[in-house]
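As structure tokens, the structure follows; a few thoughts come after it.
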Amino acid sequence: MTQATAPAASSSPPAPPATQKDGRTAQRSLGRRLLARPEVGALIAAIGVYVFFFAAAPSFREAGSLATVLYQASVMGIMALPVALLMIGGEFDLSAGVAVTTSALTAAILSFQLTMNVWTGVFVALVVSLAVGAFNGWLLIKTGLPSFLVTLGSFLILQGSNLAVTKIFTGNVASDSIADMDGFDQAKSVFASEVSIGGVDFKVTIFYWLVFAGIATWLLLRTKFGNWIFAVGGNKDSARAVGVPVNLTKIALFMGVGAGAWFVGMHLLFSFNTVQSNEGVGNEFLYIIAAVIGGCLLTGGYGSAIGPVIGAFIFGMVNQGIVYANWNPDWFKAFLGVMLLLAALVNLWVRQQATRR
Amino acid sequence: MTDTNGSTAAQSAVKDAAPGPDKPVVELRGAGKSYGNIRALHGVNLTVHPSRVTCVLGDNGAGKSTLIKIISGLHQHTEGEFLVDGEAVRFTTPREALDAGIATVYQDLATVPLMPVWRNFFLGSEMTKGPWPVRRLDIEKMKKTADEELRNMGIVLDDLDQPIGTLSGGQRQCVAIARAVYFGARVLILDEPTAALGVKQSGVVLKYIAAARDRGLGVIFITHNPHHAYMVGDHFSVLRLGTMELSAARDQVSLEELTNHMAGGTELAALKHELAQVRGVDVEELPEEEDLTAPVATPKDGAA
Ligand SMILES: Nc1ncnc2c1ncn2[C@@H]1O[C@H](COP(=O)(O)OP(=O)(O)OP(=O)(O)O)[C@@H](O)[C@H]1O
Ligand SMILES: [Mg+2]
């Protein structure tokens, strides 16, 4: 018996002319297409908050205040970036806050105890931070437990070790000052210097923050790895089935958080010469809040790197704005909570607009 | 992973290997798979030759998807042997199967709903340009290629940037098929590709299967539709409760026999009897038992 479809096989199906359109989808308006971007809700909120404090607190209008707000935002925003990428990749890292302190303590104690050039401590701290991230990712993959649980464990481990190890070496809750050690000034100029623009001093972290945000955006939207981040967060099993290295992507994302913790840890160490071993607890939630306010989906697979930048900026404005407006700073957390809920609602609405045709 | 186009690299690898037309590309010998204490597949033999279409048929839960998941690297077999080019292999990830030129359309389609259509099309095999530190996605080329491949299937999308989750089930299926056809260099596996498709698109898929066969690919075609299977198949395997019930070349089995193997005439008669018990179902119009075992359709008008 012969093949019934043999004739059809030899000619491949003809392609319709390239200009042919489905014709049912009306071109979405520019406004709607803009709204479909994950960070637009946050941008609207940021403008709202800015206008609010601009009106309510006269000292908020000064350039010096802007520098302070941006500094606040940058220290938090540098960490919010890798946390946001991790969230787009579908995972959380609750150890991110104390990991900053761990990194700073590692560099401080190591340099001081061994009386070495601070750069050795800085380098070892980087290795330790990346290792903590890799450990989180590896444990997640090996156990299959939710990252919430795995990183809650490492959060407690790091928090406890930070206190205990510091006490062993210094008998105190803070590390010894490394201000007079070799290489300190050089490291300070890299991690904690200031840049004067028009008579106003801007901390160098602000510029790092914006550069990192640019790199993260490029990574997310223009590289293979970025494609994989969206895929492992959006549907891990599908991603695996089409050949995406899911485990590698997740471990790399956790290591990215480690790298961020190292950078912020070094900034804090070289700003204050010493580290308080109980610092950082609770900051992990601020990073997550910045990412969520910035439009990243809590369940993964959706978000941007610009979003958490705006989220961190809102955080900085609220944090300083309350001070400039002479309110009781205790209101800060309450204000942040309201912002978070509003952001969640705006995100929900924006996403519905985005997927509506 | 570093080459800009997975399929070209895999295709050039094929030429080096150059297997004869009679040597199987993929072969299962007494293969089986247990999920814990569920034995989903047992003692299955299957060969896939270049330029041949192997159809796998069977009831729901017969183990068809389990069978192809072993070949596509999603699961590992727990008994028997799995050979590629005559060598025993054990794929631990789908990546390894893809690198061996085996592409799959999964029954659940394996798409990421919130990602744009073109990103889904190239997911895991992205086209890139530029040297390493600034190596980046070749977005323009990917969009153009995805658009062309989809148009060839008769799917015209206005906006390849829309999330794939907003497409209809059948459109999504077409994207998954177009993707596998584009990346499948040696073996193409389709798990119920026509399940959600209209008549026109089903016809296109069958043409694609035939075209892939003529290009020298080995095809595994899983379907519940014996007419579709018989139109393109060279070899038919029927699974039943995890074991191979029938394995026959095209000249050894007729469409009627195949249809009966899939949903035996006696079972249909029993079904008719059961339906008669249900009030309101008119069984007068249903065919008699002898009609059910008689030829159902000829291959030519089977597509409808
Ligand atoms: N991940 C799994 N864990 C446990 N059991 C499974 C798993 N996947 C499949 N099975 C079982 O294996 C058997 C065969 O399933 P399989 O998906 O291969 O069937 P199928 O022939 O593809 O059916 P269908 O036509 O409905 O797609 C079923 O009994 C199913 O319950
Ligand atoms: Mg199946």
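Building the convex hull from the alpha-carbon atoms of segment A:131-285 and averaging its projection over directions returns 12.0 nm².
From largest to smallest, the equivalent ellipsoid semi-axes obtained for segment B:115-162 from the alpha-carbon gyration tensor read 23, 10, 9 Å.
Apolar share of the accessible surface for segment B:71-130: 49 percent from carbon plus sulfur atoms, 1.4 Å probe. In chain A, inverting the average of 1/r over every pair of distinct C-alpha atoms gives 22.2 Å as the Kirkwood radius. Under the criterion of Cα pairs below 8 Å and six or more residues apart, the relative contact order for chain A equals 35 percent.
Taking the 1.4 Å solvent-accessible surface of segment A:44-349 as the whole, the part contributed by carbon and sulfur is 70%.
Coupling constants for segment B:172-187 follow from the phi torsions by the Karplus curve (6.51 cos²θ - 1.76 cosθ + 1.60, θ = phi - 60°), and in residue order they are 5, 4, 5, 4, 4, 5, 4, 4, 5, 4, 5, 9, x, 9, 10, 10 Hz; glycine and proline get x. Using a 1.4 Å probe over protein heavy atoms, the accessible area lost on pairing A with B, summed over both chains, comes to approximately 3900 Å².
Between B:SER168 and B:GLU245, the FRET efficiency from the beta-carbon distance, with R0 = 51 Å, is close to 0.90. Taking amide H as placed 1.01 Å from N in the peptide plane, the amide H of B:THR128 sits under 5 Å from that of B:ASP138, each at least 5 places away or on another chain. Inter-label distance, A:PHE285 to B:ILE38: 4.1 nm, where each label sits 7 Å from its Cα along the C-beta direction.
For B:GLU192, the residues 5 or more places off, or on other chains, whose built amide H falls under 5 Å of its own are B:ILE222, B:THR223. For segment A:53-119, dividing the convex hull volume of the Cα atoms by the residue count gives 157 Å³ per residue. Pairs of Lys residues in segment A:167-266, spaced 8 or more positions apart or belonging to different chains, with C-alpha separations under 22 angstrom: 4 in total. Karplus-based coupling profile of segment B:35-52, in residue order and whole Hz: 9, x, 9, 8, 8, 7, 8, 8, x, 9, 10, 8, 10, 10, 9, x, 6, 10, with θ = phi - 60° in 6.51 cos²θ - 1.76 cosθ + 1.60 and x standing for Gly or Pro. With a Förster radius of 22 Å applied to the C-beta separation of B:VAL134 and A:ARG37, the computed FRET efficiency comes to 0.35. In a simple Cβ point-charge model (Lys, Arg +1; Asp, Glu -1; nothing else charged), segment B:115-162 has a dipole of about 280 debye relative to its Cα centre. Working note: Karplus 6.51/-1.76/1.60 with θ = phi - 60° gives segment A:330-335 the couplings 4, 6, 3, 4, 4, 4 Hz, where Gly and Pro are set to x.
Inter-label distance, B:GLN277 to B:GLN252: 3.8 nm, where each label sits 7 Å from its Cα along the C-beta direction.
The values are calculated or read from the model by the stated rules, or taken from the named source; none is laboratory data. Note that the structure is predicted; figures quoted are calculated from it, not measured. Cβ: placed from backbone, ideal geometry, glycine included. Neighbour counts: every protein chain shown. Keep in mind that these areas ignore ligands, DNA and RNA; they rest on the heavy atoms of the full protein, side chains included. Shrake-Rupley method; radii C 1.70, N 1.55, O 1.52, S 1.80 Å.
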